[in-house]
Amino acid sequence: MQPVIYLAFVDDWEVRGNGSGDPRVLQFEPMRKLVKIFNKHGIRGSSNAEVMQQLVHRNQQERFPELKPIADEWEQVVMESFRQGHDIQLHLHPQWSDAGYQGHGNWKLAGDWSILNYPTPQIRAMLASGKQYLETLLRKIDPGYACVSFRAGSWCAAPSDSLLPILGELGFVFDMSIVAGVRYDTPHVNLDYTRCQEPFVPYYPDMRDARRVSSSPQPVVCIPTNTFPGLRVGLAHAALRKVIRTLTKGNTVTIAAASRGRSADEWTNKGESSAVGVARKLLKRCTVGWTEISDLAQMNYAMMSRMLVHIRKQAARSGLARIPVILENHTKDIYDFSDIERFVADVAHSPDVKTATLTEIAHGLRNGTFSARTA
Ligand SMILES: [Zn+2]
């Protein structure tokens, strides 16, 4: 039996991790464009709205009046897309917990990037206030709205004694922070998901280590964000695109560059930023291979198609009749919407692929449409 895939087009909606970049350029404008594409093809997407940034803007708007129009437009864009049937769920970047405004749209974020490094009461407070903020905002449109899913900033979700129990306590249905196969050791983030026990289907996690599958049902389900094996030929393309992007950035006027912000070396693992480091990384990728996160903003159409082939293969192997699959995207990194639109059109015409919002997936987990596995 050919399983039915329920694909969730999910976007992490935020500015750069260091707080740089104009929200109008990185968030508002591209979300409107993306929603237009989804509407045109009859698909409903989901955004994981990074709420800490918004809460900080609201807290500081009295002192710095220029922040108020940004916070207002943030709410407008979120409400506009929600009103059109798209879902909004929770994403948190805790580095905003210690944010200093320096004027002219510049921020200094001093908080730790991983929610796991905060004391338990603070983890609970951040999650509860983020959830409450979204529910207060969106229940104005749909009184039945609930914040039911979570993706941790910078994927930091395991291991932790407190994160999953708190999510369960607060009524979250599932977490999608696990990206099986990746490892980061950067100045801000240290995580190792190279030995996750379930890379594809929903599962009940070990409540203290979401990388592991529990032997019994738990209060929260984990659905991994999809990953697939990187292709060696794809490497040349991706590397070339990065070089071109770097060169182009250097040539654009300062204002445009500033409005997109700079991510610096945030996602470069230690020892991989020098020329020798880059060469070593490329060699490793050619020999051992690597894991690609299903992040549409980082892919061309050919890669998206290859990703879907891999999803179909894994779905067929799972033995399940219906499987939710979570994709990633970042409006801040989309330079060209045409590849995404081509892929969205393909999905809209695929008989074995339906699309689902995160809320629909949560309902499906609750009513038995989707099942979560145990060890
Ligand atoms: Zn994020």
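The values are calculated or read from the model by the stated rules, or taken from the named source; none is laboratory data. Just so we're clear, the structure is a prediction, and the values are computed from it rather than from any experiment. Quick reminder, even Gly has a Cβ in these numbers, built from the backbone with ideal geometry, and neighbours come from all protein chains shown. In case anyone asks, the SASA skips ligands and DNA or RNA and just uses the protein heavy atoms, side chains included. Shrake-Rupley method; radii C 1.70, N 1.55, O 1.52, S 1.80 Å.
Computed values, structure above
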read-out: List 36, 68, 131, ordered by accessible area with a 1.4 Å probe, largest first; value: 36, 68, 131
read-out: Amide H contacts under 5 Å for residue 206, placed H, 5+ residues apart; value: 212, 213, 214
read-out: Cα-Cα separations in the range 2-85 greater than 17 Å, expressed as whole percent; value: 51
read-out: Extension gain from residue 125 to residue 336, taking 0.36 nm per residue of separation minus the Cα-Cα distance; value: 72.2 nm
read-out: Length released on extending from residue 354 to residue 305, taking residue separation times 0.36 nm less the Cα-Cα span; value: 16.1 nm
read-out: Phi to ³J(HN,Hα) by Karplus 6.51 cos²θ - 1.76 cosθ + 1.60 over the range 98-111, Hz, x for Gly, Pro; value: 10, 10, x, 7, 10, x, 6, x, 9, 10, 10, 9, 9, x
read-out: Solvent exposure ordering (accessible area, 1.4 Å, most first) of 1, 52; value: 1, 52
read-out: ³J(HN,Hα), Karplus 6.51/-1.76/1.60, whole Hz, each residue of the range 208-225, x for Gly, Pro; value: 10, 7, 5, 6, 10, 8, 7, 7, 9, x, 10, x, 10, 9, 10, 10, x, 6
read-out: Reciprocal mean inverse distance between Cα atoms of the range 48-148 - Kirkwood radius, Å; value: 14.4
read-out: The range 312-375 versus the range 106-163: alpha-carbon centroid distance in Å; value: 23
read-out: Exposure of residue 33 as accessible area (Å², to 10), given a probe of 1.4 Å and all protein chains; value: 100
read-out: Max mean-square fluctuation residue, GNM over the chain, Cα-Cα springs under 10 Å, options 46, 294, 216; value: 216
read-out: Extension reserve of the residue 373-residue 72 stretch, reckoned as 0.36 nm per residue once the Cα distance is removed; value: 104.2 nm
read-out: Distance violations [Cα-Cα > 19 Å] among 36/332; 33/332; 33/354; value: 33/354
read-out: Under 16 Å from residue 270, Cα to Cα: aspartates and glutamates that are on another chain or at least 8 residues apart; value: 185, 192
read-out: Simple Cβ-charge dipole of the chain, Lys/Arg +1 and Asp/Glu -1, about Cα centre, in debye nearest 20; value: 920
read-out: Amide H contacts of residue 193 (H built 1.01 Å from N, under 5 Å, at least 5 apart or other chain); value: 181, 182, 183, 184
read-out: Size of the range 288-375 as Cα extents on the principal axes (Å, biggest first); value: 39, 34, 25
read-out: Whole-number percent relative contact order across the range 20-148, with pairs defined as alpha carbons under 8 Å at least 6 apart; value: 25
read-out: Loop-exposed GluC sites (Glu not before Pro) per DSSP, neighbour cap 16 Cβ within 10 angstrom, longest uninterrupted part of the chain; value: 67-265
read-out: Nonlocal amide H pairs with residue 152, under 5 Å, H built at 1.01 Å; value: 176, 177
read-out: Bins of 10 Å from zero: percent of alpha-carbon pairs in the chain; value: 5, 24, 35, 27, 8, 1, 0
read-out: Förster-model FRET efficiency, 30 Å R0, residue 192 and residue 321, C-beta, rounded to 0.05; value: 0.35
read-out: Solvent exposure ordering (accessible area, 1.4 Å, most first) of 331, 369; value: 369, 331
read-out: Inter-label distance for residue 185 and residue 345, nm, one decimal - labels placed 7 Å from Cα along Cα-to-Cβ; value: 4.5
read-out: Shape call, the range 1-46: gyration tensor on alpha carbons, a/c limit 1.5; value: oblate
read-out: Whole-Hz couplings from phi, Karplus 6.51/-1.76/1.60, listed for the range 140-146; x for Gly and Pro; value: 5, 9, 10, x, x, 5, 9
read-out: Theoretical ellipticity at 222 nm over the chain - DSSP helices of four or more residues, -39500 (n - 2.57) apiece, nearest 500; value: -12000 deg cm²/dmol
read-out: Residues of the chain: accessible area per residue with a 1.4 Å probe, Å²; value: 45
